[in-house]
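Novice: This is the structure, below, for whatever I ask next.
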Amino acid sequence: MSRSDSRTWLDELPAAFQAYRNGRRLDEVECIIPDLNGMSRGKAMPLKNFSPDKPIFLPISIFYQTITGQDVEMDIVNQWAESDMVLVPDMSTAMAAPWAKQATLQIIHDLQDFDGKPIFCAPRNILKHVVGLYAQRGWKPVVAPELEFYLTKPNVDPNEPIQPPVGRSGRSGTALQSYSMSAVDEYGPVIDAIYDYAEAAGLHIDSVIQEDGAGQVEFNLTHGDPLLLADQVFYFKRIIKEAALNNGMFATFMAKPMRDQPGSAMHVHQSVVDIASGQNIFSDPHGEATTLFRHFIGGTQKHLIEVMPLIAPNVNSYRRFESAANSSAPTNLAWGFDNRATGLRVPHSGAPDRRLENRVIGVDTNPYLAIAASLACGYLGMINQIEPDAPAEGELDDKQQAQAYIPTTFDEALRIFEGAQEIHQVLGADFCQLYAEVKKEELRQFHREISPWEREHLLLNV
């Protein structure tokens, strides 16, 4: 690649990156992909070694690994023959890595085989496939994620409990301070760094609030295309972690990092527009809810329990679904109008903005897979004309909770997922089999561990 060739594609990068670069020599290009858990994997290289037209390769075995890095043996022909995947840069995702000491560019890549076919287990490809199913019907889904996470004291010993961070007052947060502006100000330097990094990367934050937990923050993102928003969540998680580290804190996206604090969700607002007209298909010309909206809710109610391993993908995810008084997480798949006691909420809005908020998804998910799974449930509802239950009014009683329950353990969720044939057809049977095997191995690894609770209460008492 000649210097002039490099200048051509560099000059086409977004204005935000050009402002961040500010005439500095570009030092490095990070070629990244999300793995099954939403972690960033890939290769970094000097600028001179990168070209949008130059193939880059990674082994497909990165999708055979658990969150711990353990390889999983599966019933796959020539599994360890280590066939390569071709990384194809999506230059629309090119943006700064503003925490790097030198000017650095990061680019999300798509994954193909040598014949140009999408890799079946790549999370970005799964979401593209689901969005494509909508497009075949003349529909385009629109989503808006809300990211909850915790800022904490650095936790360097996994045997020690996670603690809330020390803010500018010098005190460690303990009380529940939902929507407190002073609580947000406590962590001002971290929040400011996140805003600065987001601006340099060309990302937009719609709003920021203090959530219920001590050190728990929520960022809301502007609604848009599902792939675009999944990319943004993927980038934001990295930005938030780096901003915290550079200010002496950790940022964690665990669903339930502290026993006596609320869990963290990734609420996703979902609507669908007609591609031809641009109109929200959930509202009719008179502003009333449509049959398609009702069926979208019905499909979500029926199938969301089947995709729990994709929207609550870790053992820790299920600690969030508790009935304790200090937990704001839903423990059901009921739906209601502007009702936060339900897992599925229809927010108050005008007809053009009619949408369904999925409040069950945890923030510890892979955003591509979680959004794909949630949209798949609504899609099946619309094409199969699935009727929802009656909307819940107020808090649910014990009978209603039992009828719309959420699995309470990862074991149960995986058993349900393995039998979900319609979901497998929409997401891809081979992907679902691979994903289940990886998650079952993670579960086996967890069950082999002896917890501090067992040592404290059982060691000398049984």
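Novice: Just going by the charge dipole of the stretch 97-162, with Lys and Arg at +1 and Asp and Glu at -1 on Cβ, which of Leu105, Pro118, Gly138 is farthest out on the positive end?
Specialist: Gly138
Novice: Would you mind listing how long the stretch 1-144 runs along its three principal axes, going by Cα atoms, in whole Å with the largest first?
Specialist: 51, 40, 30
Novice: Would you calculate the separation in nanometres between label points at Ser277 and Ile76, each defined as 7 Å from the Cα along the Cα-to-beta-carbon direction?
Specialist: Inter-label distance under the simple model: 4.5 nm.
Novice: Would you mind calculating the gained length between Glu422 and Glu454 on full extension (0.36 nm times residue separation, minus the Cα-Cα distance), in nm to one decimal?
Specialist: 7.5 nm
Novice: Would you mind telling me the share, in percent, of accessible area of the chain contributed by carbon and sulfur at probe 1.4 angstrom?
Specialist: 50 percent
Novice: Return the ratio Rg/(2.2 N^0.38 Å) for the stretch 377-462, where Rg is computed over Cα atoms only.
Specialist: 1.58
Novice: Peptides 439-452, 208-221, 300-313: what's the order by average Cβ count within 10 Å, highest mean first?
Specialist: Ranked by mean Cβ neighbours within 10 Å, highest first: 300-313, 208-221, 439-452.
Novice: With no solvent and one equal point scatterer per Cα, compute the Debye intensity ratio I(q)/I(0) for the stretch 32-93 at 0.15, 0.19, 0.29, 0.30 Å⁻¹ and report its log10, rounded to two decimals.
Specialist: So the normalised log intensities work out to -0.56, -0.83, -1.35, -1.40.
Novice: Can you compute the radius of gyration and Dmax for the chain, using only the Cα atoms, both in Å?
Specialist: That works out to 22.4, 74 Å for Rg and Dmax.
Novice: On to the next question. On full extension of the chain, what length is gained from Asp260 through Leu228, given 0.36 nm per residue of separation minus the C-alpha to C-alpha distance? If you can, show how the numbers build up before the last one.
Specialist: Working: separation 32, 0.36 × 32 = 11.52 nm, distance 3.47 nm.
Contour length minus Cα-Cα distance gives 8.1 nm.
Novice: Ordered by residue, what ³J(HN,Hα) values in Hz, to whole numbers, does the stretch 277-283 give under the Karplus form 6.51 cos²θ - 1.76 cosθ + 1.60, where θ = phi - 60° and Gly and Pro are x?
Specialist: Each residue of the stretch 277-283 in turn: 9, x, 8, 5, 6, 7, 10 Hz.
Novice: State which entries of Lys101/Lys128; Lys43/Lys256; Lys302/Lys439; Lys54/Lys241; Lys302/Lys440 exceed 29 angstrom in Cα-Cα distance in the structure shown. Walk me through the intermediate numbers first.
Specialist: Values: Lys101/Lys128 34 Å; Lys43/Lys256 31 Å; Lys302/Lys439 23 Å; Lys54/Lys241 31 Å; Lys302/Lys440 23 Å.
Lys101/Lys128; Lys43/Lys256; Lys54/Lys241, as the Cα separations exceed 29 Å there.
Novice: Same structure again: Tally the DSSP beta bridges in the stretch 1-142 and give the antiparallel ones as a percent, rounded to 5.
Specialist: Given both bridge residues lie in the stretch 1-142, the antiparallel proportion sits at roughly 80 percent.
Novice: Ordered by packing density, taken as the mean number of other Cβ atoms within 10 Å over each peptide's residues, highest first, how do 382-391, 453-462, 156-165, 85-94 rank?
Specialist: The packing order, highest mean first, is 85-94, 382-391, 156-165, 453-462.
Novice: Okay, moving on. Along the positive direction of the dipole of the chain (beta-carbon charges: Lys, Arg +1; Asp, Glu -1; about the Cα centre), which of Asn22, Leu434, Gly419 reaches farthest?
Specialist: Asn22
Novice: May I pose another question? Efficiency by 1/(1 + (r/R0)^6): what FRET value for Asp338 and Asp397, r their Cβ-Cβ distance, R0 = 22 Å, to the nearest 0.05? Mind showing how you got there, number by number?
Specialist: On the way: r = 19 Å, r/R0 = 0.87.
Given R0 = 22 Å and the Cβ-Cβ separation, E is 0.70.
Novice: Enumerate the calculated ³J(HN,Hα) couplings along the stretch 293-309 in order (Karplus 6.51 cos²θ - 1.76 cosθ + 1.60, θ = phi - 60°), each rounded to whole Hz, writing x wherever the residue is Gly or Pro.
Specialist: So the J values, rounded to whole Hz, are 5, 4, 6, 4, 5, x, x, 5, 4, 6, 9, 4, 4, 7, 10, 4, x.
Novice: Tell me, what is the FRET efficiency for Thr408 and Ser207 to the nearest 0.05, using R0 = 41 angstrom and their Cβ-Cβ distance as r?
Specialist: Efficiency, from the Cβ-Cβ distance: 0.80.
Novice: Quickly work out the Ala19-to-Asp353 label distance, labels modelled 7 Å from Cα along the C-beta direction, and quote it in nm with one decimal.
Specialist: Label at Asp353, label at Ala19, 2.6 nm between them.
Novice: Based on the Kirkwood radius over alpha-carbon pairs, what value in µm²/s does the Stokes-Einstein equation return for the translational diffusion coefficient of the stretch 305-462 at 20 °C and 1.002 mPa s?
Specialist: 124 µm²/s
Novice: Sticking with the crude label model, points 7 Å out along Cα→Cβ, report the distance from Asp115 to Phe57 in nm, one decimal please.
Specialist: Inter-label distance under the simple model: 1.8 nm.
Novice: Which of the lysines could a cross-linker span from Lys48 if the Cα-Cα distance has to be under 17 Å and same-chain partners fewer than 8 positions apart are dropped?
Specialist: none
Novice: Hey, if you drop one equal point scatterer on each alpha-carbon of the stretch 414-462 and run the Debye formula without solvent, what base-10 log of I(q)/I(0) do you get at q = 0.17, 0.18, 0.22 Å⁻¹?
Specialist: Taken in order of the listed q values, log10 I(q)/I(0) reads -0.60, -0.63, -0.76.
Novice: Right, here's the next one. Counting helices only, and only those DSSP H runs with n ≥ 4, report the 222 nm mean residue ellipticity of the chain as the sum of -39,500 (n - 2.57) divided by its residues, in deg cm²/dmol to the nearest 500.
Specialist: It comes out at -10000 deg cm²/dmol, rounded to the nearest 500.
Novice: Rounded to the nearest 0.05, what FRET efficiency do Ala289 and Gln433 have when you use their Cβ-Cβ distance and R0 = 30 Å?
Specialist: Given R0 = 30 Å and the Cβ-Cβ separation, E is 0.20.
The values are calculated or read from the model by the stated rules, or taken from the named source; none is laboratory data. All values derive from a computational prediction rather than experimental measurement. Backbone-built Cβ (ideal geometry, glycine too); neighbour counts: all protein chains shown. In case anyone asks, the SASA skips ligands and DNA or RNA and just uses the protein heavy atoms, side chains included. Shrake-Rupley method; radii C 1.70, N 1.55, O 1.52, S 1.80 Å.
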